[in-house]
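The values are calculated or read from the model by the stated rules, or taken from the named source; none is laboratory data. What you are looking at is a predicted structure, and each value in this text was computed from that prediction instead of being measured. Virtual Cβ from ideal backbone geometry, glycine too; neighbours counted across all protein chains shown.
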Amino acid sequence: MRDFRAALDELDAASLLRTRRIVSGKQGPVLEVEGCHLVAFASNDYLGLASHPKLAEAVIDAVRRFGVGAGASHLISGHHEEHERLEIDLARFVGLPRALAFSTGYMANTGVVPALVGRGDAVFSDELNHACLIDGARLSRAEIHVYPHADVAALEVALERSAAPNKLVLSDAVFSMDGDIAPLQAIVALCERHDAWLVLDDAHGFGVLGPNGEGTLSHLGIRSPRVLYMGTLGKAAGVAGAFVAGEADAIDWLVQRARTYVFTTAMPPMLAAAVRASLEVFRTEPWRRERLRTHAALLRRRLKGLPWPLLDSITAVQPLVVGDNALVMRLMDRLCRLGFWIPAIRPPTVPEGSARLRISLSAAHTTEQVAGLADALERIAYEETVAA
């Protein structure tokens, strides 16, 4: 029998033990965390919609009309008219023929990949892809080729060498721990040249990038029938769930074969109503995306002189790479004492030796809060230098 206590102690000794912190009240730029009020740069609520009154009103109205639960899976009796409206709205919003709603982003990717490929097929996955794409590839039982991060030349060689009847490329659009954007124009061109599909996880671009928040494809001006586009609804949209959009036949196939869609209860209709309200806010409150860009520019300007590099990112994800696990935990703790909550991200979420503070910006933050974080990091950096 495994000695769980010893294994946990090993994680603790390596500064790799994960802990949960209890949050009270509404999501927002300031959170009550176990009795302390902290300015939080920890959330994926990039546009500050998780507590938006229009979303709350949509939920309240939906609960009165539809109740709370969906009652069954979509293919039994759980596909509500509100789900149907949401899928139509999502497809129209991202400019693709059809969309399919999932309960979570993790379920979307772990369901979609095995529905598209299987034994004898080939998957080509960026080494920094999110865990749900990695797990989806493993579940598919296809042959997996992992290519170096954003290395289009290596991907091209792997595609050229493959004789698999079905080829599937997997990539984050905005990488969740680095904040950079995949070289999608080149990847899509390779897919078209080598008869491959692309599953694109735009969890951190949907709502943030594009003229109205349509996502990374819109931001880069890409259109291709080879792409299956996944966006999450619990980050910039402020609610919960996910969707996959693409060509009609591909979406119809997922309805038949994506096990995480077929064999689970549908999301509550009230959440579908809330997401529809989010899409309207995307369109009518563009200042939120502009404020996010302004915050990112300010933070990057202020943190240039720190001893820890800030990775190149134009998105809401601004990672400060510290390297050492113990040091990043110490920095997180010192920031907490100064009134800021920034999560320390360690292996296996990121590669060994690249532990970091993952700064997540939101349109709900004020300029003063972003500047205050920069002040705190500059102070800590100075104290670390003196102590050394």
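Points worth noting:
A quick yes/no check of all residues on (1) buried (at least 24 other Cβ atoms within 10 Å of the Cβ); (2) in the same structural domain as residue 356 (by TED's automatic domain parsing):
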residue	(1), (2)
208	yes, no
213	yes, no
225	no, no
234	no, no
254	no, no
271	yes, no
290	no, yes
305	no, yes
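- Test for residue 213: is it at positive phi and either in a strand (DSSP E or B) or in contact with a Lys or Arg (Cβ under 8 Å, 6 or more places away or on another chain) (or both): yes
- Positions within the range 52-84 being part of a loop (DSSP other than H, G, I, E, B) and either more than 23 Å from the chain's Cα centre (by Cα) or free of Cβ contacts under 8 Å to residues at least 60 places away in the same chain (or both), in sequence order: 67, 68, 69, 70, 71, 72, 79, 80
- In the range 164-202, the residues that are within 14 Å of the chain's Cα centre (by Cα) and not in a strand (DSSP E or B): 173, 175, 176, 177, 178, 179, 180, 182, 202
- Of everything listed in (1) outside the structural domain of residue 206 (by TED's automatic domain parsing); (2) farther than 13 Å from residue 177 by Cα; (3) not acidic (Asp, Glu), the single unmet condition for residue 276 is (1).
- Scanning the range 216-235 for residues that are small (Gly, Ala, Ser) and assigned to a loop (DSSP other than H, G, I, E, B) yields 221, 224, 234.
- Set 322, 370: member being farther than 23 Å from residue 216 by Cβ and part of a helix (DSSP H, G or I): 370
- Which numbered condition residue 87 misses (of (1) closer than 30 Å to residue 283 by Cβ; (2) assigned to a helix (DSSP H, G or I); (3) out of contact with any Lys or Arg (no Cβ under 9 Å at 6 or more places or on another chain)): (3)
- Qualifying positions in the range 90-108 - touching a helix residue (DSSP H, G or I) at 6+ places or on another chain (Cβ under 6 Å) and either within 18 Å of residue 226 (Cα to Cα) or part of a loop (DSSP other than H, G, I, E, B) (or both): 97, 98, 99, 100
- The listed residue being buried (at least 22 other Cβ atoms within 10 Å of the Cβ) and of a type in the set (A, V, I, L, M), out of 90, 75: 90
- Evaluating residue 80 against the criteria (1) surrounded by 13 or more Cβ atoms within 10 Å (Cβ to Cβ); (2) in the same structural domain as residue 333 (by TED's automatic domain parsing) leaves one unmet condition, (2).
- Subset tally (residues that are under 24 Å from the mean Cα position of the chain (by Cα) and surrounded by fewer than 19 Cβ atoms within 10 Å (Cβ to Cβ)) for the range 120-162: 11
- Residue satisfying all of: in the range 321-363; of a type in the set (Gly, Ala, Ser) and out of contact with any strand residue (DSSP E or B) (no Cβ under 7 Å at 6 or more places or on another chain); surrounded by the most Cβ atoms within 10 Å (Cβ to Cβ) among these: 362
- Among the residues of the range 5-30, those that are of a type in the set (A, V, I, L, M, F, W, C) and surrounded by fewer than 11 Cβ atoms within 10 Å (Cβ to Cβ) comprise 6, 7, 13, 22.
- Residue match in the range 113-125 (condition: of a type in the set (S, T, N, Q) and in contact (Cβ under 8 Å) with a residue 60 or more places away in the chain): no
- From the list 210, 215, 238, the one residue that fits, being free of Cβ contacts under 8 Å to residues at least 12 places away in the same chain, touching a helix residue (DSSP H, G or I) at 6+ places or on another chain (Cβ under 9 Å) and within 23 Å of residue 43 (Cβ to Cβ), is 210.
- Filter result for residue 277 (of a type outside the set (Val, Ile, Thr), part of a helix (DSSP H, G or I) and surrounded by fewer than 21 Cβ atoms within 10 Å (Cβ to Cβ)): no
- When restricted to residues that are within 22 Å of residue 177 (Cβ to Cβ) and either charged (D, E, K, R) or in contact (Cβ under 8 Å) with a residue 40 or more places away in the chain (or both), the range 337-350 contains 9.
- Residue in the range 98-116 that is at pLDDT 95 or above, surrounded by fewer than 20 Cβ atoms within 10 Å (Cβ to Cβ), farther than 28 Å from residue 288 by Cβ and out of contact with any strand residue (DSSP E or B) (no Cβ under 9 Å at 6 or more places or on another chain) present: no
- Among the residues of the range 187-233, those identified as among the small types (Gly, Ala, Ser) and farther than 15 Å from residue 132 by Cα are 189, 196, 205, 207, 210, 213, 215, 218, 221, 224.
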